[in-house]
Amino acid sequence: MSDRSRRSAAETINLMVHRVLAVGLAISATLMIAGVAAGLAQDQSLPKVVLSVGAALRRGAQLQADGLLSLGLFALILTPFLRVTGSIMVFAKERDWRYVGITMLVLAIMIASLWLGQL
Amino acid sequence: MEALVILAVAVVVGVIGSMLGIGGGLVLIPILTLFLDVPMKTAIGASLVSVIATSSAAQLVYVGRGLTHTRLGMTLEITTTMGALVGGLIAVHVSGRSLQVVFAAILVYAAFAMSSRRVDDAGFVPTGVLDTSYIDPRSNAAVAYGVRRLPWGMSASFVAGNLAGMLGVGGGLVQVPLMNLVMEMPLKAAFATSNFMIGVTAATSAALYFGRGLIDPHVAIPTALGVLVGAQLGPRLAGRMHSATLRWAFQLVMLVFAAQMIWKAVR
């Protein structure tokens, strides 16, 4: 691969990383701040357990503190997963198959960890 | 109200940590466990969540400057995430007390490692392995470099990931000197790339902790929000404080915390 095309590939990746991070962080910070505010306004305390995804969505839609806080945590933990997934797509577009493979391996290990946590 | 106390502590730790260039987890975990009676594994889970938040926030700045070496980061991430997975599995299976003892040892190492850091960005050259370049923000000159000893880097990254997954600290403590001294890359690029990696590493072990019910929103959320805010304030306050004094005071605090953690674990 020539120097020029490698540079433009790197720039594409950087731009993608930048977008995923900004959106992920904004969503999770907003949900967490809203959750803390709701918790302090409702009963002056924060929940001690994370809800299941379904329950978090339901409670979050009702603007309940536990739902908002769980959704904020999901968004935060998922941001790096999305960032890695996005990099795979960018490397694929650039036809850099070696890095498609490397990045898919990283994502596989991350998913294995998520799965091992459920056992 | 306990949440507000944790929030305030996390803001202060975020400020100091970002001024000294170390992750907040090293000081947050001792404060949470020693003074606020948070169980060790809950404190580790909270620290992991805050590492993801600060890594993502800092990357917004680094990525724009082109300092992060994404290909190298992804390559090293193969062994770092493996280390994080194994470290996370160890952490959920051993006792909180054993983790405290290992943590104390790492604190002592970190306190001493803080004094000996190479601050040299000159004399780096392309090596033919993962060559890249960035524009230095101070001099506006392009710095081209490659990496050396990639196999060593990958092996040591497993250890960095393992510590991160097991103890909830970022792993930059091992990763930055590794990239700078062993793999011979410029310090600025090493900081940015290490920062890029620790978010992915922390998310790997946080996913495992999350499944095991070790992420407690009531501790993790104020910690993450506080460190996030503190880390934004730190660089703005940095000019007004004497950083050598601050560093010295911080090293002393880390050693005291290490002693207290060992005392608490064996008592």
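The values are calculated or read from the model by the stated rules, or taken from the named source; none is laboratory data. Note that the structure is predicted; figures quoted are calculated from it, not measured. FYI the Cβ positions are ideal-geometry reconstructions off the backbone, even for glycines, and counts take in every protein chain you see.
A few notes on this one:
- Odd one out for B:Leu173, checked against (1) modelled with pLDDT of 85 or more; (2) out of contact with any Asp or Glu (no Cβ under 8 Å at 6 or more places or on another chain); (3) of a type outside the set (S, T, N, Q); (4) more than 24 Å from B:Arg138 (Cα to Cα): (1)
- Selection within region B:60-111 - under 19 Å from the mean Cα position of the chain (by Cα), farther than 25 Å from B:Ala192 by Cα and among the small types (Gly, Ala, Ser): B:Ala91, B:Ala104, B:Ala105
- Filter result for the condition that a residue is farther than 17 Å from B:Arg71 by Cβ, surrounded by fewer than 20 Cβ atoms within 10 Å (Cβ to Cβ), at the interface with chain B (Cβ under 9 Å from one of its Cβ atoms) and at pLDDT 80 or above, over A:Val49, A:Val36, A:Val23: A:Val49
- Flag not set for B:Leu163, criterion: within 14 Å of chain A (Cβ to nearest Cβ), in a helix (DSSP H, G or I) and modelled with pLDDT of 90 or more.
Residues checked against (1) closer than 28 Å to B:Met197 by Cα; (2) of a type outside the set (Gly, Ala, Ser):
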{"site": "A:Gly24", "(1), (2)": "yes, no"}
{"site": "A:Gln62", "(1), (2)": "no, yes"}
{"site": "A:Ala65", "(1), (2)": "no, no"}
{"site": "A:Leu76", "(1), (2)": "yes, yes"}
{"site": "A:Phe81", "(1), (2)": "yes, yes"}
{"site": "A:Leu107", "(1), (2)": "yes, yes"}
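- Residues satisfying the stated conditions in region B:59-78, i.e. within 12 Å of A:Val17 (Cα to Cα) and not in a loop (DSSP other than H, G, I, E, B): B:Gln59, B:Leu60, B:Val61, B:Tyr62, B:Val63, B:Gly64, B:Thr70
- No other residue among A:Ala56, A:Ala112, A:Ala29 is surrounded by fewer than 18 Cβ atoms within 10 Å (Cβ to Cβ) and of a type in the set (Gly, Ala, Ser) apart from A:Ala112.
- Hits in region B:179-199 - residues which are farther than 17 Å from B:Leu67 by Cβ and touching a Gly at 6+ places or on another chain (Cβ under 8 Å): B:Val182
- Some residue of region B:217-233 being out of contact with any Gly (no Cβ under 6 Å at 6 or more places or on another chain) and more than 27 Å from B:Leu7 (Cβ to Cβ): no
- Here B:Val174 meets the list (1) within 25 Å of A:Ser113 (Cα to Cα); (2) touching a residue at least 60 places away in the same chain (Cβ under 8 Å) almost entirely, failing just condition (2).
- Sub-6 Å Cβ pairs linking a first residue in region A:101-114 that is more than 7 Å from every other protein chain (Cβ to nearest Cβ) to a second residue that is crowded, with 16+ Cβ neighbours inside 10 Å, at least 6 apart or interchain, are A:Met104/A:Ile88; A:Leu107/A:Val84, ordered by first then second residue.
- Failed condition for B:Gly24, given (1) closer than 17 Å to B:Phe191 by Cα; (2) of a type outside the set (S, T, N, Q); (3) in contact with a His (Cβ under 9 Å, 6 or more places away or on another chain): (3)
- Taken together, B:Ala57, B:Ala53 contain a single residue that is farther than 25 Å from B:Ala249 by Cα and buried (at least 24 other Cβ atoms within 10 Å of the Cβ), which is B:Ala53.
- Scanning region B:166-214 for residues being on the phi > 0 side of the Ramachandran plot and either β-branched (Val, Ile, Thr) or within 13 Å of chain A (Cβ to nearest Cβ) (or both) gives a total of 1.
- Selection from region B:60-83 of residues that are facing another protein chain (nearest Cβ under 7 Å) and of a type in the set (A, V, I, L, M, F, W, C): B:Leu60, B:Val63, B:Met74, B:Ile78, B:Met82
- Any hit, region B:183-204, residues being in contact with a Phe, Trp or Tyr (Cβ under 7 Å, 6 or more places away or on another chain), more than 30 Å from B:Val147 (Cα to Cα) and either crowded, with 24+ Cβ neighbours inside 10 Å or not small (Gly, Ala, Ser) (or both): no
To keep it simple, each residue is scored yes or no on (1) without any contact (Cβ under 8 Å) to a residue 40 or more places away in the chain; (2) aliphatic (A, V, I, L, M).
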position	(1), (2)
A:Leu40	yes, yes
A:Leu63	yes, yes
A:Leu73	no, yes
A:Phe81	yes, no
A:Gly86	no, no
